[in-house]
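Engineer: Please see the structure below; I have some questions.
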Amino acid sequence: MRQLTLQTKRLTLRPYQLTDAPGMQQLAGERAIAATTLRIPHPYPDGVAEEWIASALERAASGKAYHFAMVLTETDEFLGSVGLTVQREWERAELGYWIGVPYWGRGYTTEAAIEIVRFGFEDLGLHRIYASVFANNPASARVLEKAGLTYEGRQVQAIKKWDEFLDTLTYARVKAT
Ligand SMILES: CC(C)(COP(=O)(O)OP(=O)(O)OC[C@H]1O[C@@H](n2cnc3c(N)ncnc32)[C@H](O)[C@@H]1OP(=O)(O)O)[C@@H](O)C(=O)NCCC(=O)NCCS
């Protein structure tokens with residue numbers, strides 16, 4: 001399926017372009033973004049954003065993942081990222097997102113997550129959407145709750161982040177039948 005552009009009240013969620021790389025490097029390069037995510041490096045080396053965008057475009061073309069650039073419609077500013085990694089075999093996907101620190105606390109990620117959950121169920125025809133957050137990331141847990149995902153459980157010391165074992169919390173929502 002060709003990746004379409006989605007609209008919310010304030011945001012445009014569109015396929016990535018290589019020209020997003022400098023904005024992505026600047027925003028994702030902040031320590032606070034790496035601190036509560038699994039795969040974003042810190043420091044954030046040159047070239048990583050370009051490579052990640054190229055791979056996101058490939059994964060979208062093969063239906064393996066749909067990552068969207070989160071853009072403020074009014075100003076065309078790049079704010080961050082939201083997307084689904086799809087496991088077709090089980091008709092499910094993992095939801096992930098980050099937003100640049102200057103834009104925190106304005107409800108943008110919630111707005112984007114609600115639309116991506118709709119996209120997953122209605123446009124991709126998925127059955128289950130889930131996410132795992134570090135237990136020390138209540139803001140992300142709140143975003144998931146507001147997007148209609150329900151807390152399913154805690155995994156004790158499930159990941160190692162910067163030499164510390166951390167618990168994760170799983171949230172999920174299944175398609176209404
Ligand atoms: C987590 C993150 C995506 C939240 O983005 P955001 O755009 O600020 O989120 P929103 O404004 O839509 O909503 C945040 C909610 O969390 C709440 N919140 C923020 N800090 C909180 C805290 N310490 N404890 C409890 N709730 C908190 C806010 O009050 C808000 O809820 P409300 O609308 O009910 O008041 C952002 O902080 C981020 O990118 N962090 C780094 C990367 C990351 O953690 N990604 C997710 C990995 S699972």
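Engineer: Report every pair of residues separated by at least 6 positions or lying on different chains whose Cβ atoms are under 7 Å apart, first residue within segment 146-175 and farther than 22 Å from residue 110 by Cβ and touching a residue at least 24 places away in the same chain (Cβ under 8 Å), second part of a loop (DSSP other than H, G, I, E, B) and open to solvent by less than 60 Å² (accessible area, probe 1.4 Å).
Structural biologist: Filtered contacts from segment 146-175: 166/135; 167/135.
Engineer: Which one of these is out of contact with any Asp or Glu (no Cβ under 9 Å at 6 or more places or on another chain) and more than 8 Å from the ligand (Cβ to nearest atom): 149, 126? Break it down into steps so the answer makes sense when it comes.
Structural biologist: Working: 126 fails: out of contact with any Asp or Glu (no Cβ under 9 Å at 6 or more places or on another chain).
Of 149, 126, the one residue that is out of contact with any Asp or Glu (no Cβ under 9 Å at 6 or more places or on another chain) and more than 8 Å from the ligand (Cβ to nearest atom) is 149.
Engineer: Residue under question is residue 114, and the condition is that it be of a type in the set (A, V, I, L, M), open to solvent by 40 Å² or more (accessible area, probe 1.4 Å) and under 28 Å from residue 26 (Cα atoms); does it hold? Walk me through it before giving the result.
Structural biologist: On the way: of a type in the set (A, V, I, L, M): yes; open to solvent by 40 Å² or more (accessible area, probe 1.4 Å): yes; under 28 Å from residue 26 (Cα atoms): yes.
When the stated conditions are applied, residue 114 passes them.
Engineer: Next question, about the same structure. For segment 97-107, check the following and say yes or no: at least one residue is hydroxyl-bearing (Ser, Thr, Tyr), in a helix (DSSP H, G or I) and within 13 Å of the ligand (Cβ to nearest atom).
Structural biologist: Yes, segment 97-107 contains a residue that is hydroxyl-bearing (Ser, Thr, Tyr), in a helix (DSSP H, G or I) and within 13 Å of the ligand (Cβ to nearest atom).
Engineer: If we keep just the residues of segment 45-61 that are out of contact with any strand residue (DSSP E or B) (no Cβ under 8 Å at 6 or more places or on another chain) and open to solvent by less than 70 Å² (accessible area, probe 1.4 Å), which is nearest to residue 89 (Cα to Cα)? It would help to see each step written out before you state the result.
Structural biologist: Filtering segment 45-61 for residues out of contact with any strand residue (DSSP E or B) (no Cβ under 8 Å at 6 or more places or on another chain) gives 45-55, 58, 61.
Adding the requirement that they be open to solvent by less than 70 Å² (accessible area, probe 1.4 Å) leaves 45, 47-49, 53-55.
Details: 45: 34, 47: 32, 48: 29, 49: 29, 53: 25, 54: 24, 55: 21 Å.
Within segment 45-61, the match that is nearest to residue 89 (Cα to Cα) is 55.
Engineer: Can you tell me which of (1) of a type in the set (D, E, K, R); (2) within 16 Å of the ligand (Cβ to nearest atom); (3) farther than 19 Å from residue 129 by Cβ is the one residue 94 doesn't meet?
Structural biologist: Residue 94 satisfies all of (1) of a type in the set (D, E, K, R); (2) within 16 Å of the ligand (Cβ to nearest atom); (3) farther than 19 Å from residue 129 by Cβ except (3).
Engineer: Sticking with this structure for a sec: Only one of these conditions is not met by residue 89: (1) touching a helix residue (DSSP H, G or I) at 6+ places or on another chain (Cβ under 8 Å); (2) closer than 26 Å to residue 175 by Cβ. Which number is it?
Structural biologist: Checking residue 89 against (1) touching a helix residue (DSSP H, G or I) at 6+ places or on another chain (Cβ under 8 Å); (2) closer than 26 Å to residue 175 by Cβ, the one that fails is (1).
Engineer: Filter segment 26-44 for residues that are open to solvent by 50 Å² or more (accessible area, probe 1.4 Å) and under 16 Å from the mean Cα position of the chain (by Cα) and give the result.
Structural biologist: Applying the first criterion (open to solvent by 50 Å² or more (accessible area, probe 1.4 Å)) to segment 26-44 yields 26, 30-31, 38-39, 42-43.
The answer is 38, 39.
Engineer: Can you confirm whether residue 18 is more than 16 Å from the ligand (Cβ to nearest atom), farther than 15 Å from residue 97 by Cα and open to solvent by less than 90 Å² (accessible area, probe 1.4 Å)? First the steps, then the outcome.
Structural biologist: Numbers: more than 16 Å from the ligand (Cβ to nearest atom): yes; farther than 15 Å from residue 97 by Cα: yes; open to solvent by less than 90 Å² (accessible area, probe 1.4 Å): no.
Here the answer is no, as residue 18 does not meet what is asked.
Engineer: Looking for whichever is assigned to a helix (DSSP H, G or I), open to solvent by 40 Å² or more (accessible area, probe 1.4 Å) and closer than 26 Å to residue 58 by Cα here; the options are 89, 94, 145. Which one fits?
Structural biologist: 89
The values are calculated or read from the model by the stated rules, or taken from the named source; none is laboratory data. None of the values given here were measured: they were computed from a predicted structure. All Cβ positions, glycine included, derive from the backbone under ideal geometry; neighbour counts span all protein chains shown. Heavy atoms of the whole protein, side chains included, go into the accessibility calculation; ligands, DNA and RNA do not. Shrake-Rupley method; radii C 1.70, N 1.55, O 1.52, S 1.80 Å.
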